[in-house]
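Notes to accompany the following structure.
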Amino acid sequence: MFTPRALRSSRKSVTPNSSTGRRSSNLFTPRRRTSYAPNRNESFNRSALQTSRVLEETAQHRLEVYGGTLPVSVTEALALSDKKTKISVKIDPSGWAWLVCGRKLLVWSYKPNQSGKTLPCKELSLPPTESTHTAELVVVVDRSGEHHHNIGAACIAVSPEGVVRYWANVAHDTTYVEVDADVNEECVSIIAMVKSHQITMERTFSCILATATSTLLLLTPLQPQSTVRCRMMRGPQSMLAGISRRMSSFIFGSVATQSVTAPLHTIVPGEQLSPDVQAFYVLSGPNLQKWALDGDTEHLLYQCNVEQFLRENIAKTVWDQEAAYLDNLKVWVMDMKVTRDGVVILGAGLNTDVSDDFHYALGTLHTEGQDSPKSFLSFAVPKFTNTYEKEIEEQLLGYRLLLPNPNSPCAYLHDNRMVLCISVSSSNDDVDKVEFQSPGNKLLGAGHTDCLALFFSTVHGLVSIKEMQMKVDVSMTDSVLEASSTSIAMEQSSLVCNATQLEELSMSEDKTVRLKAAFLNSCSGNLSQAQLIVDELFPPGVNSDIDRLVTRLAQDMIDEFPASDPRWAESVHQGGSVTGSLILMQQLEDKLKAHTYYVQFLKSVQLWDRLSSVSVRDSVMCTKLLLCELAEKVVAAKALREVHTQHPGIVDAAIKHLLDSRVADTADRAAMTSGLIPQDLFYRQVSAINGILEHLLLLEEDALGGSIMPQELIARVIVTNSIFCGMLSAALQYRASNEAMYQSHGQRQTQLEYVSWTHSAGPKGGRRWTCRQHAITSEQALPEANDVKDRGALFQQLLELSDIVLDGYRSQLESIKHGPGENQRYLEVLRKYEQDRTTLIKPFMQYQQYERAASLAEKYCDMGALVQICEETDNQERLQRYMSQFQRMGFPEYVFKWYMNEGKRGKLLSSSLASHPLLGRFLQTSENQHLSWLHDVNAGDFFQAQSTLQSLAAEHRTFVAKKKTLLSLSKLAAYAVEDPPESVHSNIEAINRELDLILHQEQLPQDVVEGLGTDIDNMRVLSAKEIIDLYVGEFNVDANEFDFMKALDLLQFINKEDEDVDCEDILTHIWCCAILKDDWSEISRPDDPFENCKDTVFFKTLEMAYMDGLDLTQCLPAVDRLLAAEELGSLRDQVSFQFLLRAGYEHLEQIFDK
């Protein structure tokens, strides 16, 4: 760790656990030291820091002293203050700085003003306070304009209690105005909103004061009255907005004007929306607010939840999981700064389920306009972590963000001891770090000016950290464009093109060449000329050629020839090349950098949001994703080049095989005669780098098809796997890390199906090659691998190949998830995905590699594999964890169905699953309700068990014996209910009624049952009407009065409210059947009809009904209805029968009259 030229000491605080790639993140280690040559008037003394302005230099950054010597009053304040006195410093871009020490405020100019003078330091006195003053509650505004150099700087300082002190000119330190802002909260921050007069350029300003709970106040200096007006700003309206203030106060008590009470993180001024309107941003609690200030009127434009954005992105980037599935993920919103694209949010995240690593993150939001952003424009997680401990949480959250150049991705994280040099757009950049560890040395404040980062050190005063420009090869100095301060960071590029060539490119008739000219102009800092060329090429509203030309130039750049290689001299295109290196790996590095700058160029000239789609691989693809794909291929080529040196034989053979199958273009044919080797030809055409995978596979299959020893087979497969995994994994990592870089800033585009080059389908697709390699590994290599080391390597490579294939499916499914209509395409891809997922995980299950299988099944939600793993390992604890982790995806229901389908119902009800809260709801479904009552009994819920059993019995129609059992169990459960409600008694009565009906069915005569071809145990459930028919119908040949009495008794079970059932017809049917049981023509002796009829079934049944107390008026139809029944046939027309029947009815009437 670099400590600027003072005694170094170890720091006992947070221990970072970070990695920085080439250099250790713990060291700001110089690769070479730049000597410093002092001026003639300076005495060079190596023991005195101030004589050597450069403190340290690396290949990426330089640390040096900034400006002149500090004012004497400032150095005295630093020297004389005790350790208990809090000192803070603010460095303003305008050239003013101020130091707060107790009630002392020192204001000085650290660089000359417009008149070229450096103003002396002024000491001002702050208002009294019982708390601690801070530089964050002070603003200094230089009010001098172009024609008013002597107005001076104004200053407003606020105490934590809200006492405002205003100096119209800091030169008059004793002349000030003091007012009370009348706030009952702690004030923590103030910003100045400066407006310049359009003619005189004189500056007027107002200030926004923020409290710890995000209450905002507008402070406006009033010049004639020499006072400050304080007014609370109106926050977002609450639900009481429509109620008068007096009424709402009467009902709910006093209601504050501003409803925002979340803790304040920071407040920063924003862009100028119009000559009179300026934006400012408030980071409060989980939300970002964008405000507009128009004179004395403010408007809240929108509010969005950036904490949710942070949670979703950090979960995906760091742990490759959806945030919803990380129960112990905790995120913090920390700071915010304005950049060219909007604002950058500094946050942090911790997932204790994985580790105690405390990750910092930077998310860029596009804030232009009045529409709330829906996601981060870019997201980066620097390679720097701390170990989380609750005791040092405040220290971990103490880092602040600094963005000195809004057009550069370079950013700085700092606390009072350390500065981290990071990128806001990339998670792959190394982290340079500088620490101020010497005794008594620490950082008191930070700021920036002229796109330069400034820090205030107690030992060195003002110091700056600069980005270093990468040195260009001497042979190319006359052709490299000189970058300016307005460049889009193209300083590190190796683009080869002189000014004359640039002019020629601009005049070309080829639109692609002219677009390249615009790109080179932008790189040289001439953004206006670049914009002019772009506007000529693509007038506003005309987007027909944009996508084709943009992608064509991007592909041309990654396929360009190295300009400095004489063997390619005849092939170099007009306009030079993006690389001048002779080393293949450096050529790929240059191409990747150029591609990154190209994307930045498209955004800077407003082409990015005009991009739509292009045709690729017989389908339509989003242009931005194709640009990302080109960068992925460069990254894959770099990964291949790294492994090439380890296995030159296999890779060279595949390259030669590929080149032999390719129809060589003119340039390649010419190059073959210029001393170029196959490697040069292959690595030059980066856009076709994916072809190497097919030829690696073909050569591997040829080798395995011959006579080869098992150990040679395994070695060959392992090498091929390493190349596949290295290339594809590098491409996928780049895609995941730079996802935000390739997103749109503006309106959401129509979602197109996304099938990347790594997962393209078809006979030449990357997915097919990877799946074939997976099959070779699992079917040919694994069975031959007996060595533990070889098996472990193969299993790990098999895991990586599976992950690559499934990740491609997931991206494809996500892109078509919300397609139009029923989305048959989504269902088709989903089925194929599930089939391949099963195939890819199967080898791990077969070889009992359960942990590897589980890692894939968890990541890609293969619920069947997860259940099977838990079942085969008998790990109920793991199963319970999965049920909680994937509950939102319906995993518990899947587990229950799995056990049901596997016939393991007993385990479902007896294991730990029986206590799962969702099991009861699952069993209540119609197909599982037959087990629900067992679960209820096990849980002691007898009331629910009784209801379920009764419901099952009511629906059962198959076996009367089973229905009787269900009813009996329901009745038993009802008696087991403690303190049963009235409904339980009603249910018991209904159950008894059902059991009575079943009893009538069980008492059917044996010959009737046998006539039906069944028996009582296997007999289906009959309705009351069906049982009546069996008692009185033709099946019961020997029916007597007892059978007819049972039929009459069954009438009580007939639903009289059923419109399809006529009880009178059933009653008439029963008595007609009774009449037809006898031969009425044999009855004689009309002198005594009652004696002759008493032995008929009809009159026996009638007599039995009377003796049993039945109401014959209700259970006997009228005589005329009987005589009219068609069932009686010709019998109803016989006079003797009519006489006997009517005589019998008359006799009954006489009995009733008595």
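The values are calculated or read from the model by the stated rules, or taken from the named source; none is laboratory data. From a predicted model like this one, the values you see are computed outputs, not experimental measurements. Every residue, glycine as well, gets a Cβ built from its backbone with ideal geometry; the counts of neighbours run over all protein chains shown. Ligands, DNA and RNA are excluded from the accessible area calculation, which covers all protein heavy atoms including side chains. Shrake-Rupley method; radii C 1.70, N 1.55, O 1.52, S 1.80 Å.
With all protein chains present, calculate the accessible area of S73 using a 1.4 Å probe and round the result to the nearest 10 Å².
40
Going by Cα centres, the range 55-92 and the range 961-1012 are how many Å apart?
The distance from the Cα centre of the range 55-92 to that of the range 961-1012 comes to 93 Å.
Enumerate the calculated ³J(HN,Hα) couplings along the range 1099-1114 in order (Karplus 6.51 cos²θ - 1.76 cosθ + 1.60, θ = phi - 60°), each rounded to whole Hz, writing x wherever the residue is Gly or Pro.
6, 5, 5, 4, 5, 5, 5, 5, 5, 7, x, 6, 7, 5, 5, 9
Around A961, with a cut-off of 13 angstrom between Cβ atoms, what is the net charge of the other residues, counting Lys and Arg +1 and Asp and Glu -1?
Here the charged neighbours net out to +2.
Express in nm, to one decimal, how much length is gained between E1002 and Q370 on full extension, taking 0.36 nm for each residue of separation and deducting their alpha carbon distance.
The E1002-Q370 span can extend by a further 219.6 nm.
Which length gain, in nm to one decimal place, applies between E394 and A703 when the Cα-Cα distance is subtracted from 0.36 nm times their residue separation?
Separation in residues times 0.36 nm, less the Cα-Cα distance, equals 105.1 nm.
In whole angstrom, and with the biggest value first, how far do the Cα coordinates of the range 982-1039 range along each principal axis?
Projected onto its principal axes, the Cα set of the range 982-1039 covers 45, 21, 13 Å.
From the phi of every residue in the range 980-992, what ³J(HN,Hα) in whole Hz does the Karplus formula 6.51 cos²θ - 1.76 cosθ + 1.60 yield, where θ is phi - 60° and glycine or proline is x?
These are the phi-based 3J(HN,Hα) values: x, x, 4, 4, 5, 4, 4, 5, 5, 4, 5, 5, 4 Hz.
In the structure displayed, which of K593/K638; K817/K842; K330/K859; K195/K466 lie more than 24 Å apart, Cα to Cα?
Pairs exceeding 24 Å: K817/K842; K195/K466.
For K1077, which lysines qualify as cross-link partners when the Cα separation must be under 26 Å and same-chain residues fewer than eight apart are set aside?
Within reach: K1025, K1046, K1094, K1100.
With an 8 Å cut-off on Cα pairs and a minimum separation of 6 or more residues, tell me the relative contact order of the range 315-355 in percent.
Once normalised by length, the contact order is 34 percent.
What ³J(HN,Hα) values, in whole Hz, does the Karplus curve 6.51 cos²θ - 1.76 cosθ + 1.60 give for the range 514-524 when θ = phi - 60°, with x put for Gly and Pro?
Values, residue by residue: 5, 5, 5, 4, 4, 4, 5, 4, 4, 5, 7 Hz.
Determine, for each peptide in 1144-1150, 189-195, 683-689, the mean count of other beta carbons within 10 angstrom over its residues, then list the peptides with the highest first.
Those peptides, ordered most packed to least, come out 683-689, 189-195, 1144-1150.
Calculate, in nm to one decimal, what A79 and R552 gain on full extension: separation in residues at 0.36 nm each, minus their alpha carbon distance.
164.0 nm
Can you list residues from other chains, or at least 5 along the same chain, whose modelled amide H is less than 5 Å from the amide H of L443?
R417
DSSP loop (so not H, G, I, E, B), at most 10 other Cβ within 10 Å: list which chymotrypsin sites (Phe, Trp or Tyr not before Pro) in the range 928-1034 pass both filters.
Filter output for the range 928-1034: empty list.
If the reach is capped at under 23 angstrom between alpha carbons, list the lysines near K971, excluding any in the same chain fewer than eight residues apart.
K971 reaches K962, K963.
Quick one: dipole size for the range 363-410, taken about the Cα centre, charges +1 on Lys/Arg Cβ and -1 on Asp/Glu Cβ, in debye to the nearest 20.
In total the dipole reaches around 180 debye.
Give the residue from N786, S811, I776 lying farthest towards the positive end of the charge dipole for the range 772-825; charges sit on Cβ (+1 for Lys and Arg, -1 for Asp and Glu) and the dipole is referred to the Cα centre.
The residue sitting farthest along the positive end of the dipole is S811.
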